[in-house]
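A.B. asks: This structure is in structure tokens; I'll ask about it shortly.
The values are calculated or read from the model by the stated rules, or taken from the named source; none is laboratory data. Just so it is clear, the structure is predicted and the values come from calculations on it, not from any experiment. Note that we place each Cβ from the backbone using ideal geometry, even for glycine, and neighbour counts take in every protein chain shown. Note: areas computed on protein heavy atoms with side chains; ligands, DNA, RNA excluded. Shrake-Rupley method; radii C 1.70, N 1.55, O 1.52, S 1.80 Å.
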Amino acid sequence: KVHQRIGRGGMGLVYRARQIGLERDVVIKVLAAEALDTDTAQERFMREAQALSMLNHPNIVAIYDFGQDTYQSYIVMEYVDGTRLDTLIKRHEHLPLEVFTPIARQMLEALGDAHEMGLMHRDLKPSNILLTSKRDYPYYVKLLDFGLAKMLEDESDLTGQHNLVGSLAYLSPEQILGHDIDQRVDVYALGVLFYYMLSGSKPFKGEDDMAVLYQHIHKDPSPLGEVLPADHAVPPQVIDLIHRCLSKDPRDR
């Protein structure tokens, strides 16, 4: 039973619903028809959804069901009542170390589990990270939209410059350049995220999208230690690790 629409974006519509038989709240994502407008695209969607449904980690939103109804493709997933990470960052301006550390640890554990299965997120950003309360965790992490970018990708032009998948602020150089990619694109996005979480400032900023893309490829970020508040307690080893994540060459991450 569909209760209400809770979101709308380039990929389609998002609804909150109730799964009657199991008496649980769920989220239904109905994908835009143009996103999967060929038989090949629909087959790819089903294949990728099948792979992602095998993910079973407490910090990754679970996929309960997926399929197609006539020409409409959909995903049914776990409903999480929480706060988006970007909302938390804006509220605090930057996260103190005691808040950052448990959030970062859970993100790393979730991604590590998926990476061991050969899966990538490819669109890590604060709006895809929900924080909820659970037992002794005031900030319990749930990663959203795992692998959705892969489901909607156009296989006919995987390396085209105009086929960028992901959010510009978190794209790795190899994604921008159309090179082959692997799980290290998520490592780069984590570097951007961690830099932003601790400092409240993204490592690459510009007047327009092209300026940001150029910096990802050609510019080093300002040293995190110089951007952090004067009274920060971030260990130098953590700062060094974040800069390693932001290496231009995937082999250095």
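A.B. asks: Name the helices (runs of 4 or more DSSP H) wholly inside the range 195-253 in which the number of residues that are under 19 Å from the mean Cα position of the chain (by Cα) and closer than 23 Å to His179 by Cα is 1 or more.
C.D. replies: Numbers: elements: 209-218, 224-227, 236-245.
So the answer is 209-218, 236-245.
A.B. asks: Right, next: Within the range 193-203, identify whether any single residue is under 27 Å from Asp81 (Cβ atoms), open to solvent by less than 50 Å² (accessible area, probe 1.4 Å), at pLDDT 95 or above and touching a Lys or Arg at 6+ places or on another chain (Cβ under 8 Å), and answer yes or no.
C.D. replies: Yes, some residue in the range 193-203 is under 27 Å from Asp81 (Cβ atoms), open to solvent by less than 50 Å² (accessible area, probe 1.4 Å), at pLDDT 95 or above and touching a Lys or Arg at 6+ places or on another chain (Cβ under 8 Å).
A.B. asks: Out of Ala189, Ala169, Ala149, Ala230, which single residue is surrounded by 12 or more Cβ atoms within 10 Å (Cβ to Cβ) and at pLDDT below 90?
C.D. replies: On the way: Ala189 fails: at pLDDT below 90; Ala169 fails: at pLDDT below 90; Ala230 fails: surrounded by 12 or more Cβ atoms within 10 Å (Cβ to Cβ).
Of Ala189, Ala169, Ala149, Ala230, the one residue that is surrounded by 12 or more Cβ atoms within 10 Å (Cβ to Cβ) and at pLDDT below 90 is Ala149.
A.B. asks: Just checking, which of Arg91, Arg105 is surrounded by fewer than 16 Cβ atoms within 10 Å (Cβ to Cβ) and at pLDDT 95 or above? Give the derivation first.
C.D. replies: On the way: Arg91 fails: at pLDDT 95 or above.
Result of the check over Arg91, Arg105: Arg105.
A.B. asks: Same structure, new question: Just to be sure, is Met77 surrounded by 15 or more Cβ atoms within 10 Å (Cβ to Cβ) and closer than 18 Å to Gln183 by Cα?
C.D. replies: Numbers: surrounded by 15 or more Cβ atoms within 10 Å (Cβ to Cβ): yes; closer than 18 Å to Gln183 by Cα: no.
Criteria not met by Met77.
A.B. asks: If you don't mind, another one. Among the residues of the range 44-74, which ones are open to solvent by less than 20 Å² (accessible area, probe 1.4 Å), in contact (Cβ under 8 Å) with a residue 40 or more places away in the chain and under 14 Å from Ala32 (Cα atoms)?
C.D. replies: Phe45, Ser73
A.B. asks: Sort out for me the helices (runs of 4 or more DSSP H) sitting completely within the range 22-139 that have 2 or more residues that are under 20 Å from Tyr170 (Cα atoms). Lay out the reasoning, then the answer.
C.D. replies: Numbers: elements: 39-52, 85-92, 97-116.
Once the helices (runs of 4 or more DSSP H) in the range 22-139 are filtered for at least 2 residues that are under 20 Å from Tyr170 (Cα atoms), what remains is 85-92, 97-116.
A.B. asks: Another question, then. Just the residues that are open to solvent by 30 Å² or more (accessible area, probe 1.4 Å), within 16 Å of Pro58 (Cα to Cα) and touching a helix residue (DSSP H, G or I) at 6+ places or on another chain (Cβ under 8 Å), please, taken from the range 118-141.
C.D. replies: Of everything in the range 118-141, those that are open to solvent by 30 Å² or more (accessible area, probe 1.4 Å), within 16 Å of Pro58 (Cα to Cα) and touching a helix residue (DSSP H, G or I) at 6+ places or on another chain (Cβ under 8 Å) turn out to be Tyr137, Tyr139.
A.B. asks: State which residue is modelled with the lowest pLDDT when the search covers only the range 27-41 and only residues that are surrounded by fewer than 18 Cβ atoms within 10 Å (Cβ to Cβ) and under 16 Å from Val76 (Cα atoms).
C.D. replies: So, considering only residues that are surrounded by fewer than 18 Cβ atoms within 10 Å (Cβ to Cβ) and under 16 Å from Val76 (Cα atoms), the one modelled with the lowest pLDDT is Ala32.
A.B. asks: Given the residues Leu158, Leu144, which is the only one that is at pLDDT below 95, over 20 Å from Ile60 (Cβ atoms) and open to solvent by 30 Å² or more (accessible area, probe 1.4 Å)? It would help to see each step written out before you state the result.
C.D. replies: Numbers: Leu144 fails: over 20 Å from Ile60 (Cβ atoms).
So the residue among Leu158, Leu144 that is at pLDDT below 95, over 20 Å from Ile60 (Cβ atoms) and open to solvent by 30 Å² or more (accessible area, probe 1.4 Å) is Leu158.
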